[in-house]
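Worksheet for the structure shown next.
Every number here is computed from the coordinates shown, using simple stated rules; none is lab data. As the structure is a computational prediction, the values presented were derived from the model and not from experiment. Don't worry about glycine lacking a Cβ; one is built from the backbone with ideal geometry, like all the others, and counts go over all protein chains shown.
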Ligand SMILES: C[S@@+](CC[C@H](N)C(=O)[O-])C[C@H]1O[C@@H](n2cnc3c(N)ncnc32)[C@H](O)[C@@H]1O
């Protein structure tokens, strides 16, 4: 069996070799903090759902601790009454943690607030990089926080850990040079911007809609606003208070107000591609989409539904064409088509060419290339 130390070394070597970890000081922090201290001995699961047990299958447990994969440590907020099977806390994948910490451009002497302590691994990395007294980490879930505190003791790190709702930051420790969220937000909480020094950075997974998230790095300005680029796709579990309502597909028997046929290329396929889905989700608001089997099992159908439930659309295979059905005050498929057309006219820019400004009054605007470029209000 390969030792933990060898696996640890191999993981950091592969992160540096792949270019995920380029900052020398950060790499030293990764080398100083063994990840297996933060993986529960029993009860965690890999993303494929297979349970880990350090006593019965120590090799698999260790392998999971040093794979470039997340390890889920809590499902459904740990509530056995809610058997939805949704991961609600995890030890994030090492490559993603490296990418976020690199994006944060950490420098000696900085003070950092982390939102979402989870297993405590990221807090330990921050503490190893900047010093224990420079790091505060807030976690909303008491049991998860208890686990993180025990792991931090094992790792010999002492960042301040706080139980609380990270939406409000942690004013007692402010101001920070960096706020790093390890749970996704659609509305960047005001507290994160207010508690960051002018010129400081707020680094977070941002998402207009589940499945189309990006990494955002916002610089805080003197007027109380913050703006910055998206740095490519990134999916994270959402802040508890910003969880989207359960997706409600229109019932199969729902009668459309309008039906038309589409000929030509499959209209569903582009929306399964990340760049198209991202562009559409920043332009069309208050809706959800999903795929399900088409009636009779002939291929798949796309459904769209407004968040208030009042409008819906379906796109279904119909022989060699597709049938669009829409109902309600919004013609959701038309909105999606218009957004795709606009994106094509703009030259199909990838998510890395977009960015976000959060104004001092909280208004959110996504823009293309520069803050005064073409933009999409998010309110
Ligand atoms: C992906 S995990 C964090 C991973 C963690 N940084 C690590 O190194 O293991 C996301 C965490 O955010 C926490 N969380 C969700 N909403 C929160 C909130 N409003 N305030 C603080 N923590 C929150 C969840 O309970 C979960 O533990």
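Does the range 208-239 hold any residues that are in contact with a helix residue (DSSP H, G or I) (Cβ under 8 Å, 6 or more places away or on another chain), within 15 Å of the ligand (Cβ to nearest atom) and within 22 Å of residue 20 (Cα to Cα), and which are they? Before you say what the answer is, go through the steps one by one.
Here is the first cut: in the range 208-239, the residues in contact with a helix residue (DSSP H, G or I) (Cβ under 8 Å, 6 or more places away or on another chain) are 208-209, 211-212, 214-215, 217-218, 220, 224-226, 229-234, 239.
The next check asks that each one be within 15 Å of the ligand (Cβ to nearest atom); those that pass are 215, 234, 239.
Answer for the range 208-239, where residues must be in contact with a helix residue (DSSP H, G or I) (Cβ under 8 Å, 6 or more places away or on another chain), within 15 Å of the ligand (Cβ to nearest atom) and within 22 Å of residue 20 (Cα to Cα): 215, 234.
Within the range 133-144, being touching a strand residue (DSSP E or B) at 6+ places or on another chain (Cβ under 6 Å) and near the ligand (Cβ under 8 Å from one of its atoms) holds for 137, 138, 144. Checked against (1) surrounded by fewer than 23 Cβ atoms within 10 Å (Cβ to Cβ); (2) more than 18 Å from residue 242 (Cβ to Cβ), residue 141 meets all criteria but (2).
Number of residues in the range 58-84 that are without any contact (Cβ under 8 Å) to a residue 12 or more places away in the chain and exposed (fewer than 15 other Cβ atoms within 10 Å of the Cβ) equals 6. Tell me, please, whether a residue that is within 20 Å of residue 8 (Cα to Cα), surrounded by fewer than 16 Cβ atoms within 10 Å (Cβ to Cβ) and free of Cβ contacts under 8 Å to residues at least 12 places away in the same chain can be found in the range 46-56. Looking for residues that are within 20 Å of residue 8 (Cα to Cα), surrounded by fewer than 16 Cβ atoms within 10 Å (Cβ to Cβ) and free of Cβ contacts under 8 Å to residues at least 12 places away in the same chain, one finds none in the range 46-56, hence no.
Residue-by-condition table, conditions (1) surrounded by fewer than 15 Cβ atoms within 10 Å (Cβ to Cβ); (2) touching a helix residue (DSSP H, G or I) at 6+ places or on another chain (Cβ under 9 Å); (3) free of Cβ contacts under 8 Å to residues at least 12 places away in the same chain; (4) not in a helix (DSSP H, G or I):
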residue: 252; (1), (2), (3), (4): yes, yes, no, yes
residue: 264; (1), (2), (3), (4): yes, no, yes, yes
residue: 275; (1), (2), (3), (4): no, yes, no, no
residue: 281; (1), (2), (3), (4): no, yes, no, no
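For the range 202-230, the set of residues classified as more than 14 Å from the chain's Cα centre (by Cα), in a strand (DSSP E or B) and surrounded by fewer than 24 Cβ atoms within 10 Å (Cβ to Cβ) consists of 219, 227, 228, 229, listed by residue number.
From the list 188, 153, 162, which one is touching a strand residue (DSSP E or B) at 6+ places or on another chain (Cβ under 7 Å) and not in a loop (DSSP other than H, G, I, E, B)?
Details: 188 fails: not in a loop (DSSP other than H, G, I, E, B); 153 fails: touching a strand residue (DSSP E or B) at 6+ places or on another chain (Cβ under 7 Å).
Just a single option satisfies the conditions, and that option is 162.
I'd like to know if the range 145-154 contains one or more residues that are in contact with a helix residue (DSSP H, G or I) (Cβ under 8 Å, 6 or more places away or on another chain), touching a residue at least 24 places away in the same chain (Cβ under 8 Å), more than 10 Å from the ligand (Cβ to nearest atom) and closer than 25 Å to residue 177 by Cα.
Of the range 145-154, the ones in contact with a helix residue (DSSP H, G or I) (Cβ under 8 Å, 6 or more places away or on another chain) are 148, 151-152, 154.
Next, from what is left, pick out any that are touching a residue at least 24 places away in the same chain (Cβ under 8 Å): 148, 151-152, 154.
Then keep just the ones that are more than 10 Å from the ligand (Cβ to nearest atom); that gives 152, 154.
Now restrict to residues that are closer than 25 Å to residue 177 by Cα: 152.
Yes, because at least one residue in the range 145-154 is in contact with a helix residue (DSSP H, G or I) (Cβ under 8 Å, 6 or more places away or on another chain), touching a residue at least 24 places away in the same chain (Cβ under 8 Å), more than 10 Å from the ligand (Cβ to nearest atom) and closer than 25 Å to residue 177 by Cα.
When you look at residue 325, is it farther than 22 Å from residue 244 by Cα and not in a strand (DSSP E or B), yes or no?
Working: farther than 22 Å from residue 244 by Cα: yes; not in a strand (DSSP E or B): no.
No: the conditions fail for residue 325.
Filtering 373, 347 for residues that are in contact with a strand residue (DSSP E or B) (Cβ under 6 Å, 6 or more places away or on another chain) and part of a loop (DSSP other than H, G, I, E, B) leaves a single hit, 373.
Is at least one residue of the range 1-20 under 13 Å from residue 62 (Cβ atoms), buried (at least 19 other Cβ atoms within 10 Å of the Cβ) and in contact with a strand residue (DSSP E or B) (Cβ under 9 Å, 6 or more places away or on another chain)? No, the range 1-20 contains no residue that is under 13 Å from residue 62 (Cβ atoms), buried (at least 19 other Cβ atoms within 10 Å of the Cβ) and in contact with a strand residue (DSSP E or B) (Cβ under 9 Å, 6 or more places away or on another chain).
Taking residue 256, is it within 16 Å of the ligand (Cβ to nearest atom), surrounded by fewer than 18 Cβ atoms within 10 Å (Cβ to Cβ) and in a loop (DSSP other than H, G, I, E, B)?
Values: within 16 Å of the ligand (Cβ to nearest atom): no; surrounded by fewer than 18 Cβ atoms within 10 Å (Cβ to Cβ): yes; in a loop (DSSP other than H, G, I, E, B): yes.
For residue 256, the condition - within 16 Å of the ligand (Cβ to nearest atom), surrounded by fewer than 18 Cβ atoms within 10 Å (Cβ to Cβ) and in a loop (DSSP other than H, G, I, E, B) - is not met.
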